[in-house]
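Only one structure is covered here, and it is reproduced in the block below.
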Amino acid sequence: MAKANSTAEPKTVNNHHPDLAHEDPEKLKYYYYMMLLLRRFEERTSEMYVKAKIGGYCHLNLGEEATIVGLMAALTPDDYIFTNYREHGYILARGVAPGPIMAELFGKETGVSRGRGGSMHLFDREANFMGGYAIVGGQVPLAVGAAYALRYQEKPGVVIAQGGDATTNIGAWYESLNLAKLYKCPVLFFVVNNGYGMGTSVEAGSSEPDLWKKGCAFRIHGERIDGTDVLAVRDAVKRLRDKAEAEGEPALLDVVSFRFRGHSVIDADRYRDADFVRQGRNQNDPVQNFGAQLLEARVVDDAWIRTTAERVDREVQEAIDFANNSPDPDPKDMYTFMYATPVPNIPGPEEAIAAYKINKGEF
Amino acid sequence: MAEINLLEAIRQGIDEMMAHDPGVFILGEDVGKRGGVFRVTEGLMDKYGAQRVIDSPLAESVIVGACIGAALNDTRPIAEIQFADFIHPAFNQIVSEAARMRYRSNGDWGVPLVIRAPYGGGIHGALYHSQSIEAFFAHVPGLKVVAPSTPYDAKGLIKSAIEDPDPVLFLEHKKTYRLIKGQVPDHDYRVPIGKAEVKRPGDDITLIAYGLMLHFCLEAAQVLAGDGVSVEVLDLRSLRPLDTEAILGSVRKTGKALVVHEDNLTGGFGGEISALISEHAFEHLDGPVMRLAGPDVPAMPFAKPLEDAFMPSPEKIVAALRKLAAY
């Protein structure tokens, strides 16, 4: 299990080890496949960043594969997901094709946000994936409102308000918990606790480092979950999701995971002890650990692990090829999607193209 | 036709929209049982229930944020900010989330949200209950900002705002709530967002305002008529989108312009209008584009002499108009 930092007490985690014999082997194999897909996608994303195919700010889910795949395994198509800016894995695990996601990271017209968003602002309407949000806590009130609207319209489903550990220190997060409980909103506050808000440890940033306890002032049930165990995450989310949907009872999940690298691709991670990081990566690798579990339980064999790795490598390469071969957004679309209806005095494609041509020295 | 005040006009507009569309609901502090601090929503909870007229906790960020989320999910919320001065905790939600949603989702998701905010001074509200906030928000593409000055416009604009597929900040000048009365037709009508209206035609000077100031401008224009100066009074009604054609058309005719707002001068909305005129009607101008605005002090002071000194008044407008007329 993960530790917040090298000096902290080991965290009490709701450890459980479901008997793999009672699991559907096809589902187990899918979880492994999806976790590996996230792993490779992020490793290759990092590589594409170094090659300057991707620019700007880019945050990876390396080490959080079980947290993400476990969450998505418990959700239904009716559910909505709001996340923070570290969200490549979430939209992948929700089932959106890797190609348009990688294309978005490249800033291409074929990207899920048509090149307007980039790494931190992925969107997919079909998947009810309501976006990555790059202002910490910005998405949390929205998620509560979306949950209220589900209740208001008597629709099925719940809303996931994903955020990091540091999000629990933002005022809007508390306002959101209060409203969620008051109005019986079917929402889960899914806190990915990787021990660090950028370079500040949970202990240094939160006077209550047991983040799951932060719901108690709102009478919101909280629990800590081992985010490196895909089945533990899935089962906890499923249980709390169903309760939220049936009873309008929100819950707070403190999902402890281990961030393999720095805060973002360009973060040198100097604030964490190198030995601690190395040890953490060795002990808390959810993909490796789950693969070993599957092998030990004879759900899969070495050949399957090998062919799955080949399949994932191929799919990620195809995503990169798709992104590479996709067109850039057209400057004429600069002012498209400002408003739904015609609005006076909004510049149009001509102005956008003119500005672009001046920059290119064509006027 | 019935004569009602501006507050009643807004309430009627909301009431008729709620009766027509079950997706419309109101979230705000004390909007339900108390009927709103100014009683704009009085009676609506009894009529539509606590599920649709919801007393929120005192938490502006989540009032607006939850309404954005609900708007994304096929409802049409109205968020009430009790006083416009209290809107700042929700600034992030309005500017970073509501205004950007359609653009960042490539039109997949919009935010059909109305944020109502009673603003303005001259009511002894002092530092935190008198503010004008329009310049902060009119700056933001993706938002719409309206500020009606008459009951007719208020009712027509609130209905347009509720129907609008994009977020609208609806500014209600507190002093006009009960002071300003006017005829409102019984039939269903709309006032389009983005359209200014000439409230008094004239030939010599264009006088541009919105909200309470519009009424002070009408008074001042009447005084100037006694001087033999014909003043055209243009009510902007919408600040974003701005009816630039109405502004430029009037100034091209008169050759002189004075913009009046209660918000403080520097960086205020008058600067935008002035720049617009200078850029697009320069050759028609017979004098400098002038601004009359609140002074650059941090907030509206409480004491009556100080508040009076802060507020633009018909007398101040008359003085400015005479100066411009003589130019």
*Sequence-distant or interchain residues sharing an amide H contact under 5 Å with B:Lys195, placed H: which?*
B:Ser238
*Those trypsin sites (Lys or Arg not before Pro) in segment A:279-363 that DSSP places in a loop and that have at most 12 other beta carbons within 10 Å*: A:Arg298, A:Lys360
*Computed from the mean reciprocal separation of all distinct C-alpha pairs, what Kirkwood hydrodynamic radius does segment B:1-145 have, in Å?*
15.8 Å
*Taking only Cα atoms, what is the 0 to 90° angle, nearest 10, from helix B:314-325's long axis to the longest principal axis of chain B?*
50 degrees
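Could you list the square roots of 5 times each eigenvalue of the Cα gyration tensor of segment A:20-329, that is, the equivalent ellipsoid semi-axes, sorted largest first and rounded to whole Å?
28, 22, 21
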*Which angle between 0 and 90 degrees, to the nearest 10, do you get for helix B:6-20 versus the longest principal axis of chain B when only C-alpha atoms count?*
40 degrees
*Nearest 5 is fine: what % of DSSP beta bridges in segment A:20-329 come out antiparallel, could you say?*
10 percent
*Based on the Cα atoms of chain B, what semi-axes does the equivalent ellipsoid have, where each is the square root of 5 times one gyration tensor eigenvalue, given in whole Å with the largest first?*
33, 20, 19
*If amide H atoms are built 1.01 Å from N in the plane of the peptide, which residues on other chains or at least 5 residues away come under 5 Å of the amide H of B:Phe25?*
B:Arg76, B:Ile78
*State the dimensionless ratio Rg/Rh of the protein assembly as shown (Rg: radius of gyration of Cα atoms; Rh: Kirkwood radius).*
1.04
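Counting only other residues whose beta carbon sits under 10 Å from that of B:Glu163, what net charge do I get with K and R as +1, D and E as -1? Walk me through the numbers before you get to the answer.
Details: positive: B:Arg76, B:Lys159, B:Arg190; negative: B:Asp21, B:Asp164.
Computed value for this residue: +1.
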*Just A:Ile54, A:Ile353, A:Ile305 to compare: in a GNM of chain A, with alpha carbon springs under 10 Å, which one fluctuates most?*
A:Ile353
*How about segment B:211-310: which chymotrypsin sites (Phe, Trp or Tyr not before Pro) there are in a DSSP loop, with at most 14 other Cβ atoms within 10 Å of their Cβ?*
B:Phe302
*Which one of B:Gly182, B:Ser160, B:Leu171 has its Cα pushed farthest toward the positive end of the charge dipole of segment B:145-193, where Lys and Arg give +1 and Asp and Glu give -1 at the Cβ?*
B:Gly182
*asked:* Just to confirm the number: angle between the C-alpha axis of helix B:151-163 and the first principal axis of chain B, 0 to 90 degrees, nearest 10?
replied: 50 degrees
*With only Lys, Arg, Asp and Glu charged, each at its Cβ (+1 for the first two, -1 for the last two), find how big the charge dipole of segment B:255-324 is about the Cα centre; round to the nearest 20 debye.*
260 debye
_Of the DSSP H helices in chain A, those whose Cα atoms cover at least 20 Å axially and whose Kyte score averages 0.5 or more_ = none
*Mind checking the dipole of segment B:1-156: about its Cα centre, +1 per Lys or Arg Cβ, -1 per Asp or Glu Cβ, Debye to the nearest 20?*
240 debye
*Mind listing the long-range amide H neighbours of A:Gly222? Cut-off is under 5 Å, sequence gap 5 or more, other chains count too, H placed in the peptide plane at 1.01 Å from N.*
A:Leu252
*Stokes-Einstein translational diffusion, segment B:54-209 - Kirkwood Rh over all Cα pairs, 1.567 mPa s, 4 °C, in µm²/s*: 78 µm²/s
*Add +1 for every Lys or Arg and -1 for every Asp or Glu among the other residues with Cβ under 12 Å from the Cβ of B:Ala135, and state the total.*
-3
_HN-Hα J in Hz across segment B:221-235 - Karplus 6.51, -1.76, 1.60, θ = phi - 60°, x for Gly and Pro_ = 4, 5, 5, 5, 4, x, 7, x, 9, 9, 9, 8, 9, 10, 9
*About the Cα centre, charge dipole magnitude for segment A:20-329 (Lys/Arg +1, Asp/Glu -1 at Cβ), debye*: 480 debye
_If I model segment B:197-326 as equal point scatterers sitting on the Cα atoms and use the Debye formula, what is log10 I(q)/I(0) at q = 0.12 Å⁻¹?_
-0.41
*10 Å Cβ neighbours from other chains, averaged over peptide B:70-78*: 6
*Under a GNM of chain A (C-alpha, springs under 10 Å), which listed residue has the highest mean-square fluctuation: A:Glu65, A:Glu154, A:Glu249?*
A:Glu154
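Every number in this text was worked out from the coordinates using simple rules, so none of it is lab data. None of these values were measured; they are calculated from a predicted model. Backbone-built Cβ (ideal geometry, glycine too); neighbour counts: all protein chains shown.
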